[in-house]
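The values are calculated or read from the model by the stated rules, or taken from the named source; none is laboratory data. Just so you know, these numbers come straight off a predicted model, no measurement behind them. As a convention, Cβ positions derive from the backbone with ideal geometry for all residues, glycine included, and neighbour counts pool all protein chains shown. All accessible areas refer to the heavy atoms of the entire protein, side chains included, with ligands and DNA or RNA removed. Shrake-Rupley method; radii C 1.70, N 1.55, O 1.52, S 1.80 Å.
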Amino acid sequence: MITSIKKRYWAIHYEWVVKKAAAQQAQGFGLHNTFILPTSFGWSTIAVAICLFVLGTNYQNNIVLSLSYLLLALNLLSLFHNYFFFTQHKVDVTRPIPDYANRKPHLKLSISSSGTYSGGELNFIIEGLIYNYPVSIKKGHHKDNFDIRLPKHPRGIHYLGKITVNGIYGFGLFKCWSYIVPDDPLVVYPAVEKQAAILHKMNDDVSGKEASDSQISISDNLQGIRQHQKTDPLHHVSWKHVAKGQGLLSKDFNESTGISGWLLLRDFLDLPIEKALMILCFQVQELSRDKVSFGLDLGSHKILPNSGEKHLKECLLSLASYSAESNNNAKAATIAS
Amino acid sequence: MSQQISPSKLPALIAVATFCYTVMPLASPIMVWVWVLFICAVGIAGARAFYDIPPLKNMTLNLFAVFCLGLLVVFSDDYGLLSTMVNLLVVACCLKFLMLHKKSDLHVILVVQIFLIACGFIYHQAVGFAIYYSIAICSLLYVAFLLNAGNLRSKPSFRQTTKLLIQTVPIAVALFLVVPRLPPFWQTPTESNTKTGLSESVTPGDIANLAQSADLVFRAEFNGEIPAPAERYWRSIVLDYFDGATWTIGSEAIANDNQPYLRYEGNVFRYLIMAEPTQTKWLFSLDIPRVTDVMSSQNIYMNQNYQLHANGAATQPSLYVLESYPGMKLDHYQDTLNFEKYLQVPNNTNPQTNAWIDSLNLANKNTLEIIQLLTSKFTQEAFSYTLKPPLMQNESVDQFLFDYQRGFCSHYASALTYMLRIANVPARIVTGYQGGQVQGDAIITVRQYDAHAWVEAWDDTVGWIRIDPTSLVAPNRLLSGLFSSLDDEDSDLIEGNELFRNMASFWGLKQLNDLITIANHNWSQMVLDFDQDSQRSILESLFGDANAKNLITFLIASFIAIGAFITFLFVPWRRWFSAGEVSADVLLVEALENKGYDKHVSETLKQFCQRISPELNREQNNLVNKFIDAFYTYQYSTESIKYSQVEACLMDSLNCLTKRKNKASNANS
């Protein structure tokens, strides 16, 4: 009962936050979306001010009373300073860079300031973790990038949810905060596991059922050495020759050109699905690097053979978003065949 | 120590230093074991600024805290509530320093220290202490700022702290003036170990403790002539009952309310008294006082002993205006005086004195002759004045008169009063203060070491006659103050004696001393004594009448004024009325963007200008590069360069960039 009420509460809260933050990637702060309350230190000073008022009144001690008023005045001014400090900033969440499951993904924030206040701190709370950004934007230096290394995420497409931004300035008596809800999800590809790729030739009917496939082994056949060209990948550079002082030469591989085929998930049905996806993740990158035209068959979802950066991204995205349900469907299809 | 203090450790180090600074003036109420804890905690916390010392484990610290709390409870009875609270705060701060490893720990330390400073203000309220503790408060706020300063360095942080504080002060002052003063919510505990003022009993056999303190008792600000040193007898308490060892107030004199109006005549002194809290109801005045105005919350009366008193114990400073008529005889209220009580002596005590008086055959002598005969004993025999007399606990008058012949004012007063009573002359002891230091032209400052006791004897024709037996032995005591009548050993008893003597001997320091006194006097009048009446008089001066309607108008107007002040602070006037707020590089980027060059988010100004440099002409490139160099030097280098130089470079660049545009547009047209 309580759990369901809690869930309902958080659902309403989240909806409200999304509405309030207006789903902006780049967000300026103002009266419409900024909240302000004393920090624990602020509450303590207010409590002390009240205690001192009582103490000063009881002892009829004007200096103690003055101290109490000084604390109250500090709190009052801090409220305004903190608000103006916070609202001078604008936070721009750039599209999260896709990363692999065994690595900590980066989230880049661009923070700009209209520069009235220098110093202070901004904190970003993402998925319960606090990332502290000591403001280093000086007057006249209006933008700064803040690179957040998120914790490792499992393979998949993750919506980061609301990002809480809070700002503390001056004596740390007040805290302003607001929410940003990024539109773009964080894509996490499977981690990679090395294994040589086996391409399957298929009939035009790519449904898989009637496919009479033959296997093509891919190996790195070195054809020769040639002058390095700007478009050559760095790992084709023959460093041996560079070391000997013979200039920048590239290894020329010829095997891949003209080969076309399919990578099949069902090749790895005996393995756990995540491991299979990791192997495929390695293979699509290798094939793409070698400019092989290949297709990807994940059972329910297929990507037609192609090559290039866009194709690679499409394949990786499919691997990242592959769900267990479609896997089951694929298994069922295999069993049926 | 050659190690550099890391910026992250700077707040903790300043907090430790401020803690030491705050605790020093509170030395007296702090227990010895708390001092030990304090030294350890400060040592460890100070060392942490230079070495990596791990904080204590929570479990260990909690157990230690329980132990300390136990000790505080055990000792609390001896120290009183207020002192125990001070000790508790010091212990709490020390323990927090021992486990200091988070920002929130430092926040707790700051809050405790603010409370500690408030306690300091209960003990000390002089202007010097107010300045002293203001420095501590500034330092604590600086620590609070450093904790959230981000990448701001310590110097600019200090400037920001100062700026914020300066903005705060007017609001605090406005609140101080406006917020209505309330009466105490409940009875507050007083300091149990403070140096007491005059007490309502005098035991001459005990050791002198009054004269050991240089604490302020009261200040008198004269309007016109000030009395000569020999006339400055500030009457406070009259003691009439003697039990053989101690003089006390036997039965209280009747208040003067229903008595016939005294006819005041003769020479008059007009003055204002600002008295520190005495914890008794007795106040101070020269004879014969007439209260003309009272600016404290309690009424002040004169009783038949010519003493001034309030309704209850003066726990707050008192402020009242008097007239004194020193030439008048103290012969009023004869009808109601009970002379029996002024002849009371305990039975079977001091036989030697009794026998000596009997041997004098005083039966046919008048009061003045008796007084002369009795006081001649002090002048003719080897009596001396000292603050360190021997203990005289049994037959104290006998021991003093015949054995030791050494003592201070209360010994002499006690002995003479006793002798007069034996000789059938009604007599009593008056305690109060004698003398005082003249500051400036019109202020007399009276301190605890001016405490004095003298004798009054009754004569039917003259009334009460003041006799000061101490002055017969140490006439300098009367004319030049306490120090002149003491030898070196004695004068060491007085706190801060060296300082006072130096002040008296050096002209410059005396001037300084006078200045401090006057500052304290004004501070006392303007701040310490600011109360409901002061608020009422402000209201009256503004509105003519202090009624509820005017009070509400005053309050609303004050809060509007505070609001206006805040608006003034936060409205971006500069941005509204000038372009000065916009930084130079933004103006350059805007100018270049107007020319169609877009700056990427990730680019710095330098990278942006380098990228577009092929598209600018040589002159433009030169000027833009010159501006960038000046701007980067101003912004990031330690080299000092004025902002006006940066602006000059900017103007050149902008002019050059727009010139080309104009030329181009002219050409197009």
At a 1.4 Å probe radius, which order do B:His600, A:His32 fall into by accessible area, largest first? A:His32, B:His600
Expressed as a rounded percentage, what relative contact order does chain B have, with Cα pairs under 8 Å and six or more residues apart? 12
Summed residue charge, Cβ within 15 Å of B:Thr292's Cβ, Lys/Arg positive, Asp/Glu negative: -1
Keeping all protein chains in place, calculate the accessible area per residue for region B:301-378 (probe 1.4 angstrom), answer in Å². 46
Given the Cα-Cα distance of B:Ala355 and B:Ala313 and 0.36 nm per residue of separation, how much length would full extension add, in nm? 10.9 nm
Buried solvent-accessible surface, both chains (B, A), 1.4 Å probe, Å² to nearest 100: 5100
Please work out how much length the chain gains when fully extended from B:Ile556 to B:Gln607, using 0.36 nm per residue of separation minus the C-alpha to C-alpha distance, in nm with one decimal. 12.7 nm
Give the accessible area for B:Asp441 in Å² (nearest 10); use a 1.4 Å probe, count only protein heavy atoms, and leave out ligands, DNA and RNA. 140
Nearest-0.05 FRET efficiency for A:Gln227 and B:Tyr632 at R0 = 45 Å, using Cβ-Cβ distance, is 0.60
Which of B:Val90, B:Ser76, B:Thr60 sits closest to the plus end of the dipole of region B:1-143, meaning its Cα is farthest towards the positive end, when Lys and Arg get +1 and Asp and Glu get -1 on the C-beta? B:Thr60
Go through B:Leu116, B:Leu420, B:Ile560 and say which Cα lies farthest out towards the positive end of the charge dipole of chain B; charges sit on Cβ, +1 for Lys and Arg, -1 for Asp and Glu. B:Ile560
Quick check for you: with a 1.4 Å probe and neighbouring chains kept, what is the accessible area per residue of region A:20-183, in Å²? 37
Starting from the Cα gyration tensor of region B:362-480, take the square roots of the eigenvalues, sort them a ≥ b ≥ c, and report rounded, prolate or oblate (rounded when a/c is under 1.5, otherwise prolate if a/b is larger than b/c, else oblate). oblate
Would you please classify the overall shape of region B:7-147 from the alpha carbon gyration tensor, given that a ≥ b ≥ c denote the square roots of the eigenvalues, rounded means a/c under 1.5, and beyond that prolate means a/b larger than b/c while oblate covers the rest? oblate
Roughly to the nearest percent, how much of the accessible area of region B:383-455 is carbon and sulfur, given a 1.4 Å probe? 40
Counting only protein heavy atoms with a 1.4 Å probe and every protein chain in place, the carbon and sulfur fraction of the accessible surface of region B:7-147 in whole percent equals 77
For region A:20-183, with all protein chains present and a 1.4 Å probe, just round the carbon and sulfur fraction of the accessible area to a whole percent. 61
Correct response: the longest run of chain B lacking exposed trypsin sites (Lys or Arg not before Pro), defined by DSSP loop and at most 10 other Cβ within 10 Å, is B:264-641
Take the Cβ-Cβ distance between A:Ser260 and A:Ala196 as r, set R0 to 22 Å, and report the resulting FRET efficiency rounded to the nearest 0.05. 0.80
Chain B shape via C-alpha gyration tensor axes, a/c threshold 1.5: prolate
Does anyone have the angle between helix B:409-422 and the longest principal axis of chain B? Alpha-carbon axes, 0 to 90°, nearest 10? 30
Neighbourhood net charge (15 Å Cβ-Cβ; Lys/Arg +1, Asp/Glu -1) for B:Cys609: -3
Suppose we compare each residue of region B:623-656 in its chain alone and in the full protein complex with a 1.4 Å probe; which ones drop by at least 40 Å² of accessible area? B:Gln635, B:Tyr636
Per the rule of 0.36 nm per residue minus the C-alpha distance, extending B:Ser541 to B:Glu619 adds in nm 21.2 nm
Nearest 10 degrees, 0 to 90: helix B:618-636 Cα axis against chain B principal axis: 30
Accessible surface, per residue, of region B:1-119 when the full set of protein chains is kept, probe 1.4 Å, Å²: 48
I want to check the label-to-label distance for B:Gln372 and B:Glu593. Put each point 7 Å from Cα in the C-beta direction and report it in nm to one decimal. 10.6
What does the net charge come to around B:Gln316 if you take all other residues with beta carbon closer than 10 Å to its beta carbon, with K and R at +1 and D and E at -1? -3
Note the angle between two axes, namely the Cα long axis of helix B:103-123 and the longest principal axis of the Cα atoms of chain B, as a number of degrees from 0 to 90, rounded to the nearest 10. 30
